[in-house]
Amino acid sequence: MAKFIIGNTLVRKWLAQASQPPKMGEQAHQSPPESGDLGGQLGATAWQNSSPAVSASGGQGGGKRYGTVALERIAWLIIGVSGAVRVIQYGFNRSLWADEAVLALNIGNRTYTELLKPLDYDQGAPFGFLFLEKLATQILGLNEYALRLFPLLAGLLTLVLFYAMARQYLQGYGILIALIFIGCIDTFVYFSTEVKQYSTDVAIALISFWLAQQTQLKLSTPRAIFIAAAGAIAIWCSHPAVLVLAGVTISLIARHWRQTSTSLTQARPRRRHLTALRRALTYQLLSPSNRIIYLSWLVSFLVFYLVSIQELGSNEVLQASWQSKGAFPEAYHPIATLVWLIERLGLFFHSPLGFASPWEDVSWPGILLPIIRGVLALGAFVVGCVSLARHRGAALLTLLSPVIVTVVAAYLQQYPFAGRLVLFLAPCFIIAMAAGLYHLVNAGSGHGRGIGLVMTVILLSQPLYNTLPLLYRPHLREEIKPVMAYVQAHQQPGDTLYVFQRGIRQFEFYADRYGYEAGEYIAGVDSLDDLDGHQVSAQERTRYINDLNQLRGRSRVWVLFSHAWVEAENQLMLSHLNCLGDRLDSFATVGAFVYLYDLSHAPSNCL
């Protein structure tokens, strides 16, 4: 519960700061911030005074200034609807899919101390997250509602935290655009109700962003201890939290270095830069309050690394999986690394943001509109970065600092830059995209405004179209529960139940609920290569056929499939079953299905 108590405290402070002018006498321990520099404003004048906000184009006002009652009500309406979607999806209580099931088995079968050890089934999750999940299951029982409770709370918290962040970078409808993105992009909605840490990663990244900014203040000892403790806990609850804390801290050092270097006009350039760097490090790292904070964060990370991350990084299966997804550069040649970086940043708009990438492997012509959306999203991001760089350069550096540090970590093979693992960076991209769209509409010419409006409509249409129906329709993935219920209702004494290997962990999680014990079902043989996902090798074909041949002579055999995403495997299994016997019954739902076969008279010529 500590994470959400801290989050609630920060939300109240954040929103209070964002709606009040700075207090007299409150100032940062560093030099005064430059105009429009969020890096400075987030400290003493941190995340406050958003009316009037500085627009992405550098001006104040820019049409209707943000802070009006109407705009604020619309913002909270977007947050409310987005939150309702998440709560409704939580209430639908869909089946755990394979990735959720393997993590849930770890949580259910282990003690708190055992969760510190490497997890079974090649899983990885921060101990703080696992601790909260274990606590929820002990209070509410080992079920979907308990397991998804903290991801849901993190998803709801993210909406409010992001609103506070957006009010400082954006103005007026730019904030509304950003809120629609984070509220309705399918990835954020989905992971708010999945038994994985990615929803909490986003919430903790936003908290960590705020915590790192507070180091600019002249903090009292109690407040410094609070920030130190909150950051130390965040590191244990989210793997990328340390990347955000480090990135923002480095950006603050760089900002102060630049300001100090500019003021030292008498010294020679080299000496000036060295003196400025020394002063920047001293101000940021060695002030009395910051010594407490940074030492606490460092010790927390080192201990967490030794007891958890070090083992996770040595998992060869996970490393191979990440490498197969392009999460790390394959070579350290400058050109190869640059190509990898461009590809990774481009694919970010596809996953996790949900827009198609221009260089994604897709089929034409049906992909044309998604490709256009992807190009427009990338264009809005670039325009937003350029606009912020021109008028609020230090703010842009702070905004993108977690992205920069994560790229460096991926280059060093220390953190994967791919898909859901970098969802925590999405708020940074969304802020820049919204700033770009606002700039085009607000600061452009007549044609520029028209282009900006068209881009905004096209980019917002997809998340709205995908998410609003989720107010009444569940987002289903692999519904094994109805399949198991069907088998349970129609199974007869003496029936055999065979579970295809890819769905075995889901079945094991629900086995007790539907009355199955070990030995009452047959677990299918594993594939030889779980990572290829495209074809069946000759050796795998032989293994699957031999496994099914053991079912010969049985009159009623239920063959249950879930997480059966390799079509070649499905075709092989079903074609061989059809050769061995007659299909008597079948039942299918989204992502899961079962067949009943009579194999009592299986011919001998099925190979």
Say whether the condition of being farther than 21 Å from P416 by Cα, in contact with a Lys or Arg (Cβ under 7 Å, 6 or more places away or on another chain), open to solvent by less than 10 Å² (accessible area, probe 1.4 Å) and not in a loop (DSSP other than H, G, I, E, B) is met by at least one residue in the range 210-229. no
Pairing a residue in the range 86-98 that is closer than 19 Å to G591 by Cβ and in contact (Cβ under 8 Å) with a residue 12 or more places away in the chain with any residue that is in a helix (DSSP H, G or I) and acidic (D, E), where Cβ atoms lie under 6 Å and the two sit 6 or more apart in sequence or on different chains, gives N93/E144
Regarding R390, is this residue among the basic types (K, R), at pLDDT 85 or above and either within 24 Å of T215 (Cα to Cα) or surrounded by 16 or more Cβ atoms within 10 Å (Cβ to Cβ) (or both)? no
In the range 558-572, anything at pLDDT 95 or above and of a type in the set (A, V, I, L, M, F, W, C) is listed as W558, V559, L560, F561
Picking from L161, L130, which residue would you name as being closer than 17 Å to E100 by Cα, modelled with pLDDT of 95 or more and out of contact with any Pro (no Cβ under 6 Å at 6 or more places or on another chain)? L130
Name the single residue, out of those in the range 113-136 being assigned to a helix (DSSP H, G or I), in contact with a Ser or Thr (Cβ under 7 Å, 6 or more places away or on another chain) and not aliphatic (A, V, I, L, M), that is least open to solvent (accessible area, probe 1.4 Å). F129
Check on S363, of a type outside the set (A, V, I, L, M, F, W, C), modelled with pLDDT under 90 and surrounded by fewer than 16 Cβ atoms within 10 Å (Cβ to Cβ): yes
Filtering helices (runs of 4 or more DSSP H) wholly in the range 491-607 for at least 2 residues that are loosely packed, with under 15 Cβ neighbours inside 10 Å and out of contact with any helix residue (DSSP H, G or I) (no Cβ under 6 Å at 6 or more places or on another chain) gives 538-549, 567-580
If I filter the range 152-169 for residues that are buried (at least 22 other Cβ atoms within 10 Å of the Cβ) and outside any helix (DSSP H, G or I), do I get at least one hit? no
May I ask you to say which residue of S575, S555 is touching an Asp or Glu at 6+ places or on another chain (Cβ under 6 Å) and modelled with pLDDT under 95? S555
Taking the condition of being surrounded by fewer than 19 Cβ atoms within 10 Å (Cβ to Cβ) and over 17 Å from V244 (Cβ atoms), how many residues in the range 291-310 meet it? 9
Kindly check whether there is at least one residue in the range 172-179 that is in a loop (DSSP other than H, G, I, E, B), surrounded by 17 or more Cβ atoms within 10 Å (Cβ to Cβ) and within 20 Å of the chain's Cα centre (by Cα). no
Taking L459 as the residue in question, decide whether it is surrounded by 14 or more Cβ atoms within 10 Å (Cβ to Cβ) and not in a helix (DSSP H, G or I). no
For the subset of the range 442-464 comprising residues that are modelled with pLDDT of 90 or more and aliphatic (A, V, I, L, M), which member is farthest from L378 (Cα to Cα)? L464
If you go through T282, T249, T265, T260, the only one that is assigned to a helix (DSSP H, G or I), over 22 Å from L396 (Cβ atoms) and either modelled with pLDDT under 85 or under 23 Å from the mean Cα position of the chain (by Cα) (or both) is T282
Looking only at residues in the range 92-112 that are open to solvent by 40 Å² or more (accessible area, probe 1.4 Å) and assigned to a helix (DSSP H, G or I), which one is farthest from G128 (Cα to Cα)? F92
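The values are calculated or read from the model by the stated rules, or taken from the named source; none is laboratory data. Nothing here was measured: the structure is a model prediction, and the numbers come from that model. We place every Cβ from the backbone using ideal geometry, glycine too, and count neighbours over all the protein chains shown. Note: areas computed on protein heavy atoms with side chains; ligands, DNA, RNA excluded. Shrake-Rupley method; radii C 1.70, N 1.55, O 1.52, S 1.80 Å.
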